[in-house]
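Everything on this sheet refers to the single structure shown next.
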Amino acid sequence: MSELFIYNTLTGKKEKFEPLHTGKVGMYVCGPTLYSEPHMGNLRTFINFDMIYRYLLFLGFQVKYVRNITDCGHITNSLGQEQDSIGKAAKLEQMESLEIVYKYNSKFQDIQKAYNLLRPNIEPTATAHIQEQIQIIEKIMANGYAYESNGAVYFDLEKYSKSNAYGVISGRKIEELLSESRELQGQDEKRNSVDFALWKKANPEDMQIWRSPWGEGNPGWHIECTAMSTKYLGEQFDIHGGGMDLKFPHHEDEVAQSCGAGMKNPAKYWMHANMLNVNGQKMSKSFGNFFLPFEILEGTTSIFTKPFSAPVVRFFMMMGHYRSDLDFSNDALLSAEKGYERLTEAFGKVSKLSASDSSNSKEAIAQVESNNAAAMNDDFNTSKLIAELFELATIINKIDSKDLIADQNDLKKINEIIQGYFVQVLGINFESNHSNQSQAMEHLMNLVIEIRKDSREKKDFATSDKIRDYLNQAGIELRDGNEGTSWKI
Ligand code: AMP
Ligand code: ZN
């Protein structure tokens, strides 16, 4: 097995991947807060970690992949007021908190199926791990790094940072955070406004309330990941992942909680996936610039002129390296679709190629295979991998046009590369793609438009009107222009 290198946010370097236990990998990824339907930006992060999971499996590791579901405790701060995002959504939709979580979790599962994500081995929820969270808070308090104040418990960041390093992931300086926070001092029950909540006292309107040694309340957001990752992967595991925006404060506070509870920095490798942007701005619910995964498939977004299939969107995502940001635009998706079609058209030919007795393509194929491995072993560089797959498509086309010859073994190898790197690692299934369907639709519509044109020329308006009305009923609009007739769904 060649060596895999992973960019570790902790050290700011690509490091050789050496799992804590030979042949096994423990990976924890921060999952969604299910107060609404996950958007395409959230999905980019989950697709990236799905690819990472897939490649680790491809390399033969036994992977335990844990991704949590935040179903309580995620506080958002809007207009200076702290609110539990799930409770807020529940009130708006006049439902129970757990009803909200169930509703959006079932949507999330459908999205993952549609976009071909593998399910993690465990998807634990915060509400099912309240005891574990309370136990860790008690340990942190016993070590003197947390204090109780008016029924809430806060992490004492100033005290912690005197004997521990804070900011190891994000590079934030505790002195700066403390001095910024001094200006806001004395406004609440915290000793210092940078102190974060481990446990919050219940408000009368809270829908989810649990008993604790500090009275009735609910857990803070960061503590759930510490409790669940420790429970399922141990005090230290191999990979901890999430989006870049979680470096601070979420991941920084996770490290502080683990160390404050007498454990270690929980992960050997911290991995952060970059953001999906729209016109250079991070896609986010609060900016209102977000698109839902099913809207893209249905073609009902404001920025896309047509629907795009899930394999095309996934291919587009994989064209960008997980640590680069990626802009979501109509043009970018159209060009990804072209690339996807070029590749899958070539890949689709392989089963029809006939093998020769001799070969002059062995070396070129072997080169692609070793470059594929090198790309993926270089911190999961899917962008380089796709460039190599285009090289493979060129080789296939040359074999098809007899500019190259391939024997049975070569064809078998080509198939293995496609199945291994395209289908298994990138998670792109091309047999069941929509693109064949949309090509068939294109042909069919050309035929219908042709028949309508003929009937109009023959002044058979009954037929031409019938075609138009029938298509209208099917939601297809015909537009007659100078350059002929076009159609739109
Ligand atoms: P949340 O449900 O807000 O906790 O987010 C779930 C995951 O989606 C986290 O790992 C975030 O970092 C990630 N995320 C949020 N917005 C984006 C975005 N625009 N692009 C990529 N990942 C994102
Ligand atoms: Zn987390």
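The values are calculated or read from the model by the stated rules, or taken from the named source; none is laboratory data. Keep in mind the model is a prediction, meaning the values are calculated, not measured. FYI the Cβ positions are ideal-geometry reconstructions off the backbone, even for glycines, and counts take in every protein chain you see. Side chains are part of the model used for accessible areas, which takes the heavy atoms of the whole protein and leaves out ligands, DNA and RNA. Shrake-Rupley method; radii C 1.70, N 1.55, O 1.52, S 1.80 Å.
Put simply, the convex hull of the Cα atoms in the range 267-340 casts, on average, a shadow of 5.8 nm². If I take R0 = 22 Å and measure r between the Cβ atoms of GLU189 and LYS139 in this structure, what FRET efficiency does the formula 1/(1 + (r/R0)^6) give, to the nearest 0.05? The value I calculate is 0.50. Note: the range 205-316, Cα convex hull, 178 Å³ per residue. Counting Cα-Cα pairs of the range 102-160 in 10 Å increments starting at 0 gives whole-percent bin shares of 18, 31, 19, 23, 9. Computed with a 1.4 Å probe over protein heavy atoms only, the accessible surface of the chain comes to 47 Å² per residue. Expressed per residue, the C-alpha convex hull volume of the chain stands at 171 Å³. Taking 0.36 nm per residue of sequence separation and removing the Cα-Cα distance, the ALA128/THR11 pair yields an extension gain of 38.7 nm. Counted over the range 21-273, the DSSP beta bridges are approximately 45% antiparallel. Projecting label points 7 angstrom from Cα along Cα→Cβ for LEU447 and ASP245 puts them 4.7 nm apart. Projecting the Cα atoms of MET40, MET207, TYR65 onto the dipole axis of the range 21-273, where Lys and Arg carry +1 and Asp and Glu carry -1 at the beta carbon, places TYR65 farthest toward the positive end.
Given R0 = 35 Å, the distance between the Cβ atoms of SER354 and GLN473 translates into a calculated FRET efficiency of 0.15. Remark on the range 357-489: Rg and Dmax equal 22.9, 65 Å (Cα only).
Looking at the chain, the DSSP beta bridges with both ends there are about 55 percent antiparallel.
A simple spin-label model places the labels of ASP110 and ASP325 3.2 nm from each other, with each point 7 Å out along Cα-to-Cβ.
Accessible surface of the chain, 1.4 Å probe: 48 percent of it comes from carbon and sulfur atoms. Of all lysines in the structure, those lying under 22 Å Cα to Cα from LYS466, and not within fewer than 8 positions of it along the same chain, are LYS453, LYS458, LYS488.
When restricted to Cα atoms, the range 346-406 yields an Rg and a Dmax of 12.5, 39 Å, respectively.
Once you have all Cα-Cα distances for the range 21-273, histogram them in 10 Å bins from zero and send the whole-percent values. Bin by bin from 0 Å, the calculated values are 7, 30, 36, 21, 5, 0. Multiplying the residue separation of LEU92 and GLN367 by 0.36 nm and subtracting their alpha-carbon distance yields 93.3 nm. Per-residue extension of 0.36 nm, minus the Cα-Cα distance of ALA387 and LEU57, leaves a gain of 116.6 nm for this segment. Rounded to the nearest 20 debye, the dipole size of the range 436-488 about its Cα centre is 100 debye, using +1 on the Cβ of Lys and Arg and -1 on the Cβ of Asp and Glu. Of all lysines in the structure, those lying under 21 Å Cα to Cα from LYS107, and not within fewer than 8 positions of it along the same chain, are LYS88, LYS91, LYS285.
Evaluated with a Cβ-only charge set (Lys, Arg +1; Asp, Glu -1), the chain carries a dipole of roughly 440 debye about its Cα centre, given to the nearest 20. Over the range 26-134, the alpha carbon radius of gyration divided by the compact-protein estimate 2.2 N^0.38 Å works out to 1.16.
Listed by chain and number, the aspartates and glutamates whose alpha-carbon sits under 18 Å from that of LYS64, ignoring those within fewer than 8 places in the same chain, are GLU18, ASP50, GLU123, GLU235, ASP238. Each residue, ILE489 and ARG456, gets one label point 7 Å from its Cα in the Cβ direction; the gap between the two is 2.4 nm.
Projection of the Cα convex hull of the range 334-380, averaged over all directions and equal to a quarter of that hull's surface, yields 4.7 nm². Just the number, please: percent antiparallel of the DSSP beta bridges in the range 18-123, rounded to the nearest 5. Bridges in the range 18-123 are about 40 percent antiparallel.
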